[in-house]
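Read the figures in this text as sums done on the coordinates, not as results from a lab. The shown structure was predicted, so the numbers you read here are calculated from the model rather than taken from an experiment. No Cβ is skipped: glycine too gets one built from the backbone with ideal geometry, and neighbour counts run over all protein chains shown.
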Amino acid sequence: MTTATATPNPTPNPQAAPAKAARVYKDYGQPLWRRILFTRETAIIGLLALVVIVSLITVKGFSQPVTLGYLLLDIMPILLIALPMTLVMITGEIDLSVASVVGLSSATLGLLNQAGVDIGVAAIICLVVGALGGALNGFLVTVVGLPSLAVTIGTLALYRGLAVGLLGTTAVTDWPKFWTDLAKAKIGGTTIPVVVILFLVLAIVFAVLLHFTPFGRGIYAIGLSSEAASFSGVHVNRTKFILFVLTGTVSALAGIYYTLRFGSARGDNATGLELQVIAAVVLGGVSVFGGRGALHGVIAGVLLIGVLSSALRLVNVTSDVINIITGVLLVLSVVAASFLAWVRKKRIGPGGKKHGGPIAAKA
Amino acid sequence: MLFHNLGKGKTARAGAVAALAVSIALLATGCASDSTGGGSTDAAGGDTGNLAVTFIPKNLGNPYFDTSDKGGKTAVESFSGTFQEVGPAEASPDAQVSYINTATTQGVGALVVAANDPTAICDALNEARDTGIKVVTFDSDTDPECRDLFINQADAEGIAKVQIDEIAKQIGESGEVAILSATANATNQNAWIEQMKTYAASEYPNITIVDTVYGDDDDQTSFDKTAALLQSHPNLKGIVSPTTVGIAAAARYLQTSEYKGKVALTGLGTPNQMRDYVEDGTVTSFALWNPEDLGYLSAMAAKALIEGTITGAEGDSFEAGDLGSFKVGADQTVLLGDPFVFDKSNIGDFDF
């Protein structure tokens, strides 16, 4: 590897150290514009733009403004949950229980509404329930030290069971009109739902948290090497715990939105949503092994899946075929990344000298 | 410099290849739909000539809805409309919403929906109606304010009548009969049982309904209750089970017991469940509605709504091809008619 040529890290800030340690000389061997342009995130955004353009031209009805409104309403729960999920997955952990938290939050909201509690108060209680659910995940992962995959498979079943147990097979469908209208309200004169504002606020909060704070640098550091991060002064367990609580809370928020949008609280709401969230996050360029990924890529990934299925539905492709196309896209994106890493490794000579690299070209 | 193969540039290039592939796929499907769609999507919603009818069953790959959609397709083809069947793979409450939204964007003439949840799809249906799309529900209704018409497969009176008539025919209009129901608080079954008792008392005075037992719509419980029923009522001549789980479990018990051929069994069942028992003579006949007719009538009602022949108001009447003339009843509901009786002669025609 070319790490031999990497300069020793002179930065005094210990939290940034592990992240920088993984970088190599060639990362700085290119101009900034190229480093920004040639990334996986940019590739996904480009793919999204292309799919949108092709859909606009070839798919009848896609260019209607109403399509955008429906699209955003449909993918909103995935967009919301993908934000904290990105952070969790960059640390190398995973949370499979998110859809069950959506169901639990939905069932809780339904029960409280039935009992005559004001929706505003009930929503706060739901967020607390979500935070507690996330805290249990976080506790089992960080304090007990179990792998998050196993823990959240368990809580996936547990929270879903609680949700269905709370409401049984019934659905709560009698909601104050103000709240159900709010969930579907459009920003004056456009077809863009008001809830997009909520998403944008959260997106900015999470983007700042991940990309512009020491806490965020710590998240990358943990994903690259949990031990190195720990030795550099990153509170590994505290960071992970906070992220699980955030995931639970945002999932509960998505559950409230989900319930009000459809006007129907059921324990089995959003079953299977966790896989759509994780698929979008992975498509957006987050490594399942942790350490790399960025929020703008993930948001583009969610939008890409949403736009694709919306366009394919408009040309009457069945849901099974849509799943196949999404699945193939996902596999291709993962395979492409691994394949390119392999090619890059092949291209580097045994002496660590890169054939045809920028330095060689200059010389 | 410009064309150097930089590491990260490759990722971008792979992305471009993937983008191209997806776009080609999209183009191909887009073009394909253009040629087969018959230009149906050109027509704006609310157009009286827009005979594009989209069926949204509870889920795809369900034999019951395959049968009803087949009837719908026959009807739509008979009036030269465009038939389309879309729907989710899972019958989850909200999954139909995006398909309803898509149909709204496409501007179809009418939607024919079997609702997974009476409320969750309500707003989506009303948005569709706001753009002029006619909405017909069948099999499972939504809240009445979300649709133009509901095609009801059968009413309580008809269901009660057909079961008592069938059992009376099989036991010679006299003797002891018992009822094997679902759960003790099942709304539908209790209403039917009430009607059955009234109807039997007035039409067949020699038939006595001696007992009503509850199998909880559980196969094993229904099986055990059948056994107990036959033990406690040695003179029993017939069993009526107004639930598909109950009738199949009772038939399974009778098939292997000494009562086979001696105790008659009828009720509500599906052909696939009951085929063996009808073919070996354990069960002579049972009833249910015909889903194919249900789909056919729904499509015909959609056509009448699109063309403005009816508005969905009570008392409106319309022609439904082979099925004859139908009248809209209370709550914008159209009744398919008397339940359909399945026996050895016709069971082979059905697969659901």
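The Cα atoms of segment B:156-288 give a gyration tensor whose axes a ≥ b ≥ c have a/c under 1.5, which makes the shape rounded. Under 5 Å from the amide H of B:Phe286 lie the amide H atoms of B:Phe342, each residue being 5 or more positions distant or on a separate chain, with H modelled from the backbone and absent for Pro and chain starts. In this simple spin-label model, placing a label point 7 Å from the Cα along the Cα-to-Cβ direction at both B:Ser140 and A:Phe139 gives a separation of 3.7 nm.
Taking the three principal axes of the alpha carbon atoms in segment A:74-215, the coordinate ranges are 45, 39, 23 Å, sorted in descending order. Given axes a ≥ b ≥ c from the Cα gyration tensor, I'd like to know whether the protein assembly as shown is rounded (a/c under 1.5), prolate (a/b larger than b/c) or oblate. Prolate, since a/c reaches 1.5 and a/b exceeds b/c. Overall, segment B:95-148 carries a charge dipole of about 220 debye about its Cα centre when +1 sits on the Cβ of Lys and Arg and -1 on the Cβ of Asp and Glu, all other atoms neutral. Computed from phi, the 3J(HN,Hα) profile of segment A:64-77 under the Karplus parametrisation 6.51, -1.76, 1.60 (θ = phi - 60°) reads 5, x, 4, 4, 4, x, 4, 4, 5, 4, 5, 8, 3, x Hz, with x in place of Gly and Pro. A Cβ-based charge dipole, computed about the Cα centre of chain A with Lys and Arg at +1 and Asp and Glu at -1, lands at about 1600 debye. Axis angle, to the nearest 10 degrees, between helix A:40-58 and the longest C-alpha principal axis of chain A: 50 degrees.
Of the residues B:Leu230, B:Gly261, B:Asn272, the one whose Cα sits farthest towards the positive end of the charge dipole of segment B:156-288 is B:Gly261 (charges of +1 on Lys and Arg Cβ, -1 on Asp and Glu Cβ, taken about the Cα centre).
Rounded to the nearest 20 debye, the dipole size of the protein assembly as shown about its Cα centre is 5860 debye, using +1 on the Cβ of Lys and Arg and -1 on the Cβ of Asp and Glu.
Summary value for chain A: 31 percent relative contact order, contacts being C-alpha pairs under 8 angstrom separated by 6+ residues.
Look at the Cα gyration tensor of segment A:32-348: its axes a ≥ b ≥ c give a/c of at least 1.5 with a/b at or below b/c, and that counts as oblate. Net length available on complete extension from A:Val194 to A:Leu166 is 7.1 nm, with 0.36 nm assigned per residue and the Cα-Cα distance removed. Each Lys or Arg adds one and each Asp or Glu subtracts one; over the other residues with Cβ under 13 Å from the Cβ of B:Pro234, this totals -1. Principal axis analysis of the Cα atoms in segment B:41-190 yields extents of 64, 34, 27 Å, listed in decreasing size. Listed peptides A:210-217, B:271-278, A:144-151, A:81-88 appear in the order A:81-88, B:271-278, A:210-217, A:144-151 once ranked by packing, highest mean of other Cβ atoms within 10 Å at the front. Taking amide H atoms as placed 1.01 Å from N in the peptide plane, the amide H of B:Phe150 lies under 5 Å from those of B:Thr137, B:Thr333, B:Val334, each 5 or more residues away in sequence or on another chain. Each residue of segment A:278-292 was assigned a 3J(HN,Hα) from its phi angle through the Karplus expression (A = 6.51, B = -1.76, C = 1.60, θ = phi - 60°), giving 5, 4, 5, 5, 5, 4, x, x, 7, 7, 5, 8, x, x, 9 Hz with x at Gly and Pro. Couplings 3J(HN,Hα) for segment A:300-305, derived from phi with the Karplus relation 6.51 cos²θ - 1.76 cosθ + 1.60 (θ = phi - 60°), are 4, x, 4, 4, 4, 4 Hz, where x marks Gly and Pro.
Mean partner shielding of peptide A:175-184, defined as the number of other chain Cβ atoms within 10 Å of each residue Cβ, is 1. Estimated at 0.36 nm per residue, the fully extended path between A:Gln114 and A:Ile57 surpasses their Cα-Cα distance by 15.8 nm. The relative contact order of chain B, computed from alpha carbon pairs under 8 Å that lie at least 6 residues apart in sequence, is 18 percent. Between B:Pro242, B:Gln220, B:Phe340, the Cα set farthest toward the positive side of the dipole of the protein assembly as shown (charges on each charged residue's Cβ, about the Cα centre) is that of B:Gln220. Mean partner shielding of peptide A:58-67, defined as the number of other chain Cβ atoms within 10 Å of each residue Cβ, is 5. Applying a threshold of 25 Å to the alpha-carbon distances of A:Lys60/A:Lys186; B:Lys197/B:Lys344; B:Lys70/B:Lys134 flags B:Lys197/B:Lys344 as lying beyond it.
Per-residue extension of 0.36 nm, minus the Cα-Cα distance of B:Thr208 and B:Ser80, leaves a gain of 40.9 nm for this segment. Helix A:98-114: angle to the longest alpha-carbon principal axis of chain A, degrees 0 to 90, nearest 10? So the helix axis and the longest Cα principal axis differ by about 20 degrees. Annotation: the residues A:Arg347, B:Arg252, sorted from fewest to most other C-beta atoms within 10 Å of their own C-beta, follow the order A:Arg347, B:Arg252. Within the protein assembly as shown, DSSP assigns beta bridges of which about 25% are antiparallel (rounded to the nearest 5). Between 0 and 90 degrees, the angle of helix B:291-306 with respect to the longest Cα principal axis of chain B falls at about 50 degrees. Residues of segment B:185-220 falling in the label zone of B:Gln231, defined by backbone nitrogen less than 18 Å from a point 7 Å along Cα to beta-carbon, are B:211-216, B:220.
Count Lys and Arg as plus one, Asp and Glu as minus one, and take only other residues whose Cβ is under 10 Å from that of B:Thr309; the net charge is then -2.
Summing charges over neighbours of B:Gly337, with a neighbour being any other residue whose Cβ is under 14 Å away from its Cβ, gives -4 when K and R count +1 and D and E count -1.
Distant-in-sequence amide contacts of B:Ser241, defined by a placed amide H-H separation under 5 Å and a gap of 5 or more residues or a different chain, comprise B:Leu180, B:Thr266, B:Gly267, B:Leu268. Counting Cβ atoms of other protein chains within 10 Å of each Cβ in A:46-54 and taking the mean gives 4. Most tightly packed first, judged by the mean number of other beta-carbon atoms within 10 Å of their residues, the peptides A:173-181, A:338-346 read A:173-181, A:338-346. Each distinct pair of alpha carbons in segment A:44-125 adds a 1/r term; the inverse of their mean, the Kirkwood radius, is 16.0 Å. Across every pair of non-identical alpha carbons in chain B, the mean reciprocal distance, once inverted, gives a Kirkwood radius of 22.6 Å.
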